[in-house]
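Quick notes on the structure that follows.
The values are calculated or read from the model by the stated rules, or taken from the named source; none is laboratory data. Just so we're clear, the structure is a prediction, and the values are computed from it rather than from any experiment. Glycine also receives a Cβ, built like all others from the backbone with ideal geometry; neighbour counts cover every protein chain displayed. Accessible surface areas use protein heavy atoms only, side chains included; no ligands, DNA or RNA. Shrake-Rupley method; radii C 1.70, N 1.55, O 1.52, S 1.80 Å.
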Amino acid sequence: MNTDFKVGDVVRHKSGGQDTIIIRFEDETVDGATKRLAVCGRFEGQNFHQETMAVEMLEFVNRWFAAGS
């Protein structure tokens, strides 16, 4: 399972859906367990959609750009 994602990677939910781009990462701690979350976004026409998903639920599609390069 590849969870070595980077900001700017194009990903999609493992169960399907539209491609989306990772904007940033956040950590969520519940009962002492920390989970890595990816904040992702995509445009549909002029509408911007943003969602937060657990990294382990994502699959890599493409590397769109290298942030910080």
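Somewhere in the range 44-55, is a residue aliphatic (A, V, I, L, M), open to solvent by less than 50 Å² (accessible area, probe 1.4 Å) and not in a strand (DSSP E or B)?
Scanning the range 44-55, I find at least one residue that is aliphatic (A, V, I, L, M), open to solvent by less than 50 Å² (accessible area, probe 1.4 Å) and not in a strand (DSSP E or B), so the answer is yes.
Okay, residues lined up against (1) within 11 Å of the chain's Cα centre (by Cα); (2) surrounded by fewer than 10 Cβ atoms within 10 Å (Cβ to Cβ); (3) assigned to a loop (DSSP other than H, G, I, E, B); (4) not hydrophobic (A, V, I, L, M, F, W, C):
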| site | (1), (2), (3), (4) |
| --- | --- |
| R12 | yes, no, no, yes |
| I21 | yes, no, no, no |
| E26 | yes, no, no, yes |
| T29 | no, yes, no, yes |
| T34 | no, yes, no, yes |
| R42 | yes, no, no, yes |
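Restricted to the range 1-10, and to residues that are among the hydrophobic types (A, V, I, L, M, F, W, C) and in contact with a helix residue (DSSP H, G or I) (Cβ under 9 Å, 6 or more places away or on another chain), which residue is most open to solvent (accessible area, probe 1.4 Å)?
Among them, the one singled out is M1.
Quick one: what pairs do we get from the range 8-34, first residue small (G, A, S), second assigned to a strand (DSSP E or B), C-beta under 8 Å, 6+ apart or different chains?
G8/I21; G8/I22; G8/R63
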